[in-house]
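The structure under discussion appears below in the form of structure tokens.
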Amino acid sequence: MGWGVGYRTYHVPLVRINLTQNIFNDIASMLQQVHERMDTLIGNPTDWLEVPIYDVMAKIVARVSNRAFSGTLLCELSSSSCGRSVL
């Protein structure tokens, strides 16, 4: 995390209140996103497969986080942009 996160703490109440209170409503959607991303990145290999675990997990966390913060509808409108930041 960057330097500014500790000084600009506007995100803390959002996570603590809004996201935390609604987390159970989003669990199924987030789990679906994990499954979809795992299938895309790893697939279903029949033999041993070397996986760059840090890269794979970073991509999964990014996709699930975007789904949690932006919601299912926004991610479904453009599934290709769901895993990318829009700044």
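The values are calculated or read from the model by the stated rules, or taken from the named source; none is laboratory data. Predicted model, so just to flag it, every value in this text is computed and none were measured. When we count neighbours, we look across all protein chains shown, and the Cβ atoms used for this are built from the backbone with ideal geometry, even at glycine.
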Note: among 75, 82, just one is outside any loop (DSSP other than H, G, I, E, B) and modelled with pLDDT under 80, namely 75
Which members of the stretch 14-24 meet the condition of being surrounded by 10 or more Cβ atoms within 10 Å (Cβ to Cβ) and either modelled with pLDDT of 75 or more or assigned to a helix (DSSP H, G or I) (or both)?
14, 15, 16, 17, 18, 19, 20, 23
Quick one: count up the residues across the stretch 28-47 that are exposed (fewer than 11 other Cβ atoms within 10 Å of the Cβ), closer than 21 Å to residue 62 by Cβ and at pLDDT below 90.
2
